[in-house]
């Protein structure tokens, strides 16, 4: 029996954990958390087996589905699973991270009391949604799981719903991502109307695509709407503003949902739709442009934020932008390659870079968040200005955080270096096709510099310097939290090396298709490639900006030889400082839009509702009641008056019939 | 042979008298009697047509009609008796509780 036959169990097992926790959570330790951990762990095991089997197999895509809803011959939806290299990669990343983070939360949530049961139930539902999303075999199925993870995100951001800020953040996250979800739905409807099928098996089949004769404008519209869904889920500009607020939830939730898995769903959606995307270079250009811009834009806001989790949140948005940049640039090259196989291969490398960065980012960002969680757990504040000097008390946490920071800053040979370099390389290569990508490359390089700076600002502010008041009672977290941290640190350090496995590795697994629908073989990278990599000036540039960022952070926050207060209060820089601290006034913009435009429009709608619609209804009922009041007087209870009416009417009828000749 | 119209006119006159009684008299017993007149007008018509068209069915109907009329009078008088007991009157213009 093949392990792939067990794929359906992957999303089901966390639900089993959920049901057990719901039924027995009140009587078992940790609010039934062990059931959920068990369900997720077994699901993880199956995921890894399925992925392993696929990766060691012949590379044939496994697509199993059966009819779910059949309305008539053409209107039919299926349910099932679809396993290719992308699914395998996502299964590995998502299932490992879910397991590790849920184990960590056994320690982190220990003091939450009765609320733990709710936490574990929601987490289990989330894991179900996320794994289901990954293995889904068609867009409709994907959309359902997509909404489940959105719901869980809402519930878990608002976990401490008694705090008004958390409740507000949850609402905001729900509403903002809803814009994206509606676009996703429009995209799905457009695709279904154009192709008559939503199955990946059909849509990604070149002959099927050929026969459908879909109008390219229609296809571009549908794909753009799909990307709209990605923008909402992956917090890309201008739908990014919910993610920083989402940090109101528990740190484990931030790590799992808002850094490692759910926000990657948007990237995954674009990557999943790649065989369609390569037919619409314009959409890919938009993807790359929004990704590149968001990377830079979000990184600037991370520069001066005092809240440790928010810095990581902005960093997440920025890194997601990198992934979109790589996917957009790679896809654009494939779409415009024509017969030029060299360009197509570079495009494939871009696609691979996006997914590679997704994987690495998931590991190091989960590590950073969990590390930040350990710190918050120890000092009971999220404000970095109150921390400092923690490295003596929390040795392991400080070391693993340093690994994470070095990785995201892009210092070789940690994982972040390899994927960031690939991302930037694909943006640079796409510049040869469309010079606009040179600008996006520049954005990417500046972002790399900013990333290195703010990550080390975070590290120095938290772990170095003299101990502040909050640090006095700090202590290293319990084993159940530290072990997952160390586990993730290994991944954050080493996950980049999958690129370098000779005759295989990531390039052999993650392959985009070209416009004709054929897989582009990934070039096998080996040590020779590394040699080539370190002879290119772009590589040295990205290392240099990373080191520059780290040095400035070192000077400013460790040696304190550069005063950041001067920057914060200088006459020219103060407005900039405040602009960044206030997130470019985007929340105010949202609020103003909400209170002026939407509220005004709602007032207008309300006017229509109360005056026009209610008026019509009330008018009809008023007329009816009045006529009733008049007519009921005919009902006077006198038998003879009724008889008179009958006789008179009958006589009139007879006379009438006689006149018009009906009685002949 | 007496022409058919004589009978029909007689029946029509009887019917109108009955209808007039139903519509105008206050006493419920008189109204009941008027209804009987109208029924008999119809019976005359049945029998007339049966005789002139040599069709026995009309006479059969007339017999049925008489039987039903007898039953109807029995029921009607019983109702009137109860009315008298309940509300001390069988004046139709005073019996108007079934109304708005």
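Test residue A:345 against the criterion of being in contact with a strand residue (DSSP E or B) (Cβ under 9 Å, 6 or more places away or on another chain), farther than 26 Å from residue A:134 by Cβ and surrounded by fewer than 24 Cβ atoms within 10 Å (Cβ to Cβ), and give yes or no. Criteria not met by residue A:345. Just so you know, in the stretch A:605-664 the residues that are within 14 Å of another protein chain (Cβ to nearest Cβ) and either within 60 Å of the chain's Cα centre (by Cα) or touching a residue at least 60 places away in the same chain (Cβ under 8 Å) (or both) include one that is nearest to residue B:96 (Cα to Cα), and it is A:628. Considering every residue within the stretch A:89-99, establish whether at least one is farther than 23 Å from residue A:243 by Cα, within 16 Å of the chain's Cα centre (by Cα) and buried (at least 24 other Cβ atoms within 10 Å of the Cβ). Yes; the residues of the stretch A:89-99 include at least one that is farther than 23 Å from residue A:243 by Cα, within 16 Å of the chain's Cα centre (by Cα) and buried (at least 24 other Cβ atoms within 10 Å of the Cβ).
One residue is enough: does the stretch B:88-98 have a residue meeting the conditions without any contact (Cβ under 8 Å) to a residue 12 or more places away in the chain, under 30 Å from residue A:633 (Cα atoms) and either surrounded by 14 or more Cβ atoms within 10 Å (Cβ to Cβ) or more than 14 Å from chain A (Cβ to nearest Cβ) (or both)? Checked the stretch B:88-98: at least one residue is without any contact (Cβ under 8 Å) to a residue 12 or more places away in the chain, under 30 Å from residue A:633 (Cα atoms) and either surrounded by 14 or more Cβ atoms within 10 Å (Cβ to Cβ) or more than 14 Å from chain A (Cβ to nearest Cβ) (or both).
I need the helices (runs of 4 or more DSSP H) fully contained in the stretch A:143-255, keeping only those with at least 1 residues that are farther than 30 Å from residue A:518 by Cβ.
Values: elements: A:164-195, A:200-203, A:206-212, A:216-233, A:242-245, A:251-255.
Output list reads A:164-195, A:216-233, A:242-245, A:251-255.
When A:228, A:180 are screened for being touching a helix residue (DSSP H, G or I) at 6+ places or on another chain (Cβ under 6 Å), in contact (Cβ under 8 Å) with a residue 12 or more places away in the chain, surrounded by fewer than 24 Cβ atoms within 10 Å (Cβ to Cβ) and within 17 Å of residue A:271 (Cβ to Cβ), only A:228 passes.
In this structure, does residue A:143 turn out to be in contact with a helix residue (DSSP H, G or I) (Cβ under 8 Å, 6 or more places away or on another chain), closer than 30 Å to residue A:187 by Cα and surrounded by fewer than 24 Cβ atoms within 10 Å (Cβ to Cβ)?
Values: in contact with a helix residue (DSSP H, G or I) (Cβ under 8 Å, 6 or more places away or on another chain): yes; closer than 30 Å to residue A:187 by Cα: yes; surrounded by fewer than 24 Cβ atoms within 10 Å (Cβ to Cβ): yes.
Answer is yes for this residue.
Right, residue A:570: modelled with pLDDT under 85, within 30 Å of residue B:38 (Cβ to Cβ) and surrounded by 12 or more Cβ atoms within 10 Å (Cβ to Cβ) or not? So residue A:570 fails the test. A count restricted to the stretch B:27-53 and to residues that are surrounded by fewer than 18 Cβ atoms within 10 Å (Cβ to Cβ) and more than 17 Å from residue B:65 (Cβ to Cβ) stands at 5. Within the stretch A:548-555, identify whether any single residue is more than 14 Å from chain B (Cβ to nearest Cβ), at pLDDT 80 or above and loosely packed, with under 11 Cβ neighbours inside 10 Å, and answer yes or no. No, the conditions are met nowhere in the stretch A:548-555. Regarding the stretch A:163-175, can at least one residue be identified that is out of contact with any strand residue (DSSP E or B) (no Cβ under 8 Å at 6 or more places or on another chain) and under 17 Å from residue A:283 (Cβ atoms)? So far as the stretch A:163-175 goes, no, none of its residues is out of contact with any strand residue (DSSP E or B) (no Cβ under 8 Å at 6 or more places or on another chain) and under 17 Å from residue A:283 (Cβ atoms). Residues in the stretch B:6-26 that are closer than 30 Å to residue B:84 by Cα and surrounded by 15 or more Cβ atoms within 10 Å (Cβ to Cβ): B:14, B:15, B:18, B:19, B:21, B:22, B:23, B:25.
The values are calculated or read from the model by the stated rules, or taken from the named source; none is laboratory data. The model shown is predicted, which means the values in this text are computed figures rather than measured ones. Backbone-built Cβ (ideal geometry, glycine too); neighbour counts: all protein chains shown.
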